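Following: one structure in structure tokens, then a few remarks.
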Amino acid sequence: MTDSSLLSSLLDALQLLLLGDGKLWSIILVSFKVSSLAMLVAALPAVICGFLLAYMRFPGRRLLISLFNTLLAVPAVVVGLTFYILLSRHGPLGDWKLLFTQTAMVLGQIALCFPIMVAMSHAAFQAIDLRAWETARTIGAGTVQAFMMIVSEARYAILGAFVAGFGRIIAEVGASMMLGGNILHYTRNIPTAIALETSKGELSQGIALGIVLVTLSFLLVSVLHYFQGRGQIQ
């Protein structure tokens, strides 16, 4: 590809973004809708799980910690394959008819972001002295109230965990492609659209969506650094 054609594709990409191309923004909205829903479902259970692993002692605790740390390295395509087998017509959950739907994409993304948020929440809670929990319980705080006090102490690190989890799922391709089927206006999100448009030679839309992802990645990293800095100041 010549420099002139690359420049032309870049200018076309900027034009698509600025003029509000319907197809392009439909893809962007699907991405944010699915990933935001996955985060909303996974956030509270992940924080509770991280808290339990940090402060409670029970059989299998170390095994669970090792399991979540191991799941951090599982590729998105393996997660997609696992859910594909479960949700396919002949799979154990085939009667639910969820394959190639946004719900299937949400399930896959929950499986991807949950271990990250658990591991980072666990680390955040471990950084707080166990005596803070014991003190809260001693002065008469209920379990939920004491939990909220500890969460408040670790809030910046926990918000950083949410940012990292969202960054993991908004840009993944494998699970979304396998579980969503890349259906336009329904399950086609930013990463799968980039893969499709690039393979078709439609670089303008691929570059436009790439700009959105790069911009989002920059914002997520900036927010993560901000929260980490606030936590260190405290």
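The values are calculated or read from the model by the stated rules, or taken from the named source; none is laboratory data. Please read all numbers here as calculations on a predicted model, not as lab measurements. All Cβ positions, even for glycine, are placed from backbone atoms using ideal geometry, and neighbour counts span all protein chains on display.
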Residue check for Val144: under 19 Å from Tyr226 (Cβ atoms) and surrounded by fewer than 20 Cβ atoms within 10 Å (Cβ to Cβ): no
Identify the single condition in (1) hydroxyl-bearing (Ser, Thr, Tyr); (2) closer than 29 Å to Thr215 by Cβ; (3) at pLDDT below 90 that Ser36 does not satisfy, given that it satisfies every other one. (3)
Name the pairs: first residue in region 86-98 and in contact (Cβ under 8 Å) with a residue 60 or more places away in the chain, second residue assigned to a loop (DSSP other than H, G, I, E, B), Cβ to Cβ under 8 Å, at least 6 apart or on different chains? Leu87/Leu93; Leu87/Leu98; Leu87/Leu99
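For (1) among the small types (Gly, Ala, Ser); (2) closer than 17 Å to Leu18 by Cβ, each residue gets a yes or a no:
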{"site": "Asn182", "(1), (2)": "no, no"}
{"site": "Ser199", "(1), (2)": "yes, no"}
{"site": "Ala208", "(1), (2)": "yes, yes"}
{"site": "Leu224", "(1), (2)": "no, no"}
Can you confirm whether region 55-70 contains a residue that is touching a residue at least 24 places away in the same chain (Cβ under 8 Å), under 23 Å from Val151 (Cα atoms) and among the hydrophobic types (A, V, I, L, M, F, W, C)? yes
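Just wondering, is there one or more residues in region 51-64 that are of a type outside the set (A, V, I, L, M, F, W, C), closer than 24 Å to Asn189 by Cβ and surrounded by fewer than 19 Cβ atoms within 10 Å (Cβ to Cβ)?
Kept after step one, since they are of a type outside the set (A, V, I, L, M, F, W, C), are these residues of region 51-64: 55, 57, 59-62.
Those left that are additionally closer than 24 Å to Asn189 by Cβ: none.
Taking every residue of region 51-64 in turn, none turns out to be of a type outside the set (A, V, I, L, M, F, W, C), closer than 24 Å to Asn189 by Cβ and surrounded by fewer than 19 Cβ atoms within 10 Å (Cβ to Cβ).
Condition check ((1) closer than 30 Å to Cys49 by Cα; (2) hydrophobic (A, V, I, L, M, F, W, C); (3) modelled with pLDDT of 90 or more) across all residues:
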| site | (1), (2), (3) |
| --- | --- |
| Met177 | yes, yes, yes |
| Gly180 | yes, no, yes |
| Arg188 | no, no, yes |
| Val214 | no, yes, yes |
| Ser217 | yes, no, no |
| Leu220 | yes, yes, no |
| Gln228 | yes, no, no |
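Please tell me if Ala13 is under 26 Å from Gly210 (Cβ atoms), modelled with pLDDT under 90, aliphatic (A, V, I, L, M) and buried (at least 20 other Cβ atoms within 10 Å of the Cβ).
Working: under 26 Å from Gly210 (Cβ atoms): yes; modelled with pLDDT under 90: yes; aliphatic (A, V, I, L, M): yes; buried (at least 20 other Cβ atoms within 10 Å of the Cβ): yes.
So Ala13 fits the description; yes.
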If you take the residues in region 119-145 that are modelled with pLDDT of 85 or more and among the hydrophobic types (A, V, I, L, M, F, W, C), which one is farthest from Asn69 (Cα to Cα)? Val144
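Conditions tested, residue by residue: (1) of a type in the set (Val, Ile, Thr); (2) in contact with a Cys (Cβ under 7 Å, 6 or more places away or on another chain); (3) in contact (Cβ under 8 Å) with a residue 12 or more places away in the chain; (4) surrounded by 17 or more Cβ atoms within 10 Å (Cβ to Cβ).
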position	(1), (2), (3), (4)
Gln126	no, no, yes, no
Gly140	no, no, no, no
Val151	yes, no, yes, yes
Ala171	no, no, yes, yes
Leu209	no, no, yes, yes
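Filter region 175-207 for residues that are among the hydrophobic types (A, V, I, L, M, F, W, C) and in contact with a Phe, Trp or Tyr (Cβ under 8 Å, 6 or more places away or on another chain); which is surrounded by the fewest Cβ atoms within 10 Å (Cβ to Cβ)?
Applying the first criterion (among the hydrophobic types (A, V, I, L, M, F, W, C)) to region 175-207 yields 175, 177-179, 183-184, 190, 193-196, 203, 207.
Keeping just the survivors that are in contact with a Phe, Trp or Tyr (Cβ under 8 Å, 6 or more places away or on another chain) gives 175, 178-179, 183.
Details: Ala175: 27, Met178: 25, Leu179: 27, Ile183: 13.
Selected residue: Ile183.
When you go through Phe58, Phe68 one by one, which is the residue that is assigned to a helix (DSSP H, G or I), out of contact with any Asp or Glu (no Cβ under 6 Å at 6 or more places or on another chain) and aromatic (Phe, Trp, Tyr)?
Numbers: Phe58 fails: assigned to a helix (DSSP H, G or I).
Exactly one residue qualifies, and that residue is Phe68.
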Scanning region 115-158 residue by residue, the ones that are under 29 Å from Ala38 (Cβ atoms) and of a type in the set (Lys, Arg) total 1
